[in-house]
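What follows is calculated from the coordinates using simple rules that are stated; it is not laboratory data. All of these numbers come straight from a predicted model, not from anything done at the bench. Using ideal geometry, Cβ is built from the backbone for each residue, glycine included, and neighbour counts are taken over all protein chains shown.
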Amino acid sequence: MPHDLLARRTCPPLVVLADDLSGAAECASVLPSCRNLVLAPAATPPPGEALVADLDTRRRTVTQASGLVAQAVRRHGAGGVRLLKKSDSLLRGHFAAETSAFAAGADGLVVAMALPAAGRTVRDGVVHLRGVPLHLTDAWHAEPGPPPRSVARTLGAPATVIPLTEIRAGLPHLEHRLRSGLADGAAMICDGETDADLDAVAETLLRLPETVRTIGSGGMAAALGRLSAPAEDRADPGRPRGGPRPVVVVVGTAHPGARAQIAQLTRRGAHHLVFHAASLLAHPDAGHPAAVTPTVPGRAPVLVFSIAPTPAADPSAAPHLARALARTVARLLPEDADLVLTGGETARSLLDELAVTSLLPVGQVHHGAVLCRTADGRGVVTRPGSFGGTDSLVRMVGALREQPGHEVPQTPHTSDGGPR
């Protein structure tokens with residue numbers, strides 16, 4: 001029997017624990033058997049299905065984040081379930097603390113952080129962004145400290161790097177290498193530059209006990225998805241009847257590329273409202289727009305909310321700013337509006353305000369931009385703040401304004417390579 005068929009038949013149920021909503025949606029979209037993206041720890045997945053849970057740890061304190069991960073592992077880490085901890089491909093967030101909580105009680109840890117589709121690779125245990133070592137880029141410009149020089153330094157625990165030569169030496173060799181390293185008690189950090197490298201790691205993982213846990217990017221989730229079930233298309237179940245719905249775009253990222261993306265929408269007639277960060281933080285329940293028009297039009301087909309760029313951003317204020325923006329937008333949001341949300345913290349904060357607890361993944365608009373539906377049919381497209389080219393928001397809005405039942409096109413992605 002071909003090994004890929006064997007892997008598909010023997011792959012145990014997969015539970016993905018994500019650190020933010022846009023990353024969770026990215027994983028859900030590449031797992032064919034995932035029918036439920038939950039915004040809180042939940043019960044075990046239905047038979048034959050994968051489950052993706054957004055633990056929302058990125059905006060928490062270290063203690064809160066590690067506690068949420070530990071709680072989720074206790075809930076899901078038994079009964080033949082394979083666990084994948086989805087972490088930021090640029091190693092942001094509470095990486096070391098969450099890894100420690102996730103690895104507790106496991107029979108070993110495999111770390112595979114490459115995300116080739118976004119130009120993020122790992123060589124000699126060092127994350128590279130479009131060929132440049134992470135610590136030599138400005139990808140951490142909005143983070144409170146300097147970028148790590150290697151995955152091992154981020155982990156802060158004994159680790160062994162599996163170089164590309166061994167990743168590509170064939171499955172029997174890679175299996176032996178992982179088993180021997182895990183037996184020594186070290187976390188195994190896998191280099192990767194291509195999807196084929198991640199596929200090799202994924203196939204090897206399926207030869208190991210499910211008590212061996214995995215930390216990876218969305219690329220690792222995609223590799224497991226390619227093995228877990230035959231590919232299948234997801235058709236959009238469609239929005240409720242009643243004609244075209246307004247689309248509200250909320251841009252919570254401070255990435256410079258966002259301005260060009262918004263400009264493409266406004267050139268097509270979108271109405272743009274800009275908030276000052278200081279005003280949102282001072283008046284979180286009644287943010288004051290400082291836009292061309294200070295009031296929200298009654299039924300604008302496309303309405304964009306963003307935060308005015310500031311010379312220097314305080315990283316510690318980001319969670320408070322996301323919540324303040326979400327409260328303000330929720331107050332102004334038309335009841336029947338579909339949503340385009342960029343930035344994981346912004347997306348999760350607004351969905352919390354709207355009491356949304358789960359999403360049905362439909363498909364990708366481009367890499368990282370995922371169309372979902374709420375239980376009542378509202379369309380929600382999420383995307384990490386830095387992903388996508390200048391036409392990203394236009395494409396995301398376009399996916400929501402298609403006719404009901406239209407499949408989301410699986411199109412190639414472009415990425416400006418900035419921080420997520």
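A few comments on the model shown:
- Cα→Cβ-extended label distance, 7 Å offset, between Gln71 and Ala282, nm: 3.6 nm
- Cβ crowding within 10 Å ranks Glu26, Glu402 as Glu402, Glu26, fewest other Cβ atoms first.
- For a paramagnetic label modelled on Val62 (point 7 Å from Cα along Cα→Cβ), amide N atoms under 18 Å away belong, within the stretch 83-106, to 88, 91-104.
- Zone residues, the stretch 169-208, relative to Leu136, backbone N less than 18 Å from point 7 Å out along Cα-to-Cβ: 192-193
- Approximate spin-label separation Arg153-Arg267, in nm, with each point projected 7 Å along Cα-to-Cβ: 4.1 nm
- Arg213, Arg331 arranged by Cβ crowding within 10 Å, fewest neighbours leading: Arg331, Arg213
- Förster radius 25 Å - calculated FRET efficiency between His173 and Thr211 (Cβ-Cβ, nearest 0.05): 0.65
- Whole-Hz Karplus values for the stretch 365-375 come out as 7, 8, 4, x, 9, 10, 8, 10, 10, 7, 4 Hz, taken residue by residue from phi with 6.51 cos²θ - 1.76 cosθ + 1.60 and θ = phi - 60°; glycine and proline positions read x.
- Counted by neighbouring Cβ atoms within 10 Å, the residues Phe387, Phe95 run from fewest to most as Phe95, Phe387.
- The Ala78 and Ala183 beta-carbon pair, evaluated with R₀ = 30 Å, returns a calculated FRET efficiency of approximately 0.85.
- Under the simplified labelling scheme, the Ser316-Asp391 pair shows an inter-label distance of 4.4 nm, with each label point 7 Å from Cα along Cα→Cβ.
- Taking 0.36 nm per residue of sequence separation and removing the Cα-Cα distance, the Ala375/Ala40 pair yields an extension gain of 119.0 nm.
- Derived scalar couplings ³J(HN,Hα) [the stretch 51-58; Karplus, 6.51 cos²θ - 1.76 cosθ + 1.60; whole Hz; x for Gly, Pro]: 10, 10, 10, 8, 7, 6, 8, 4
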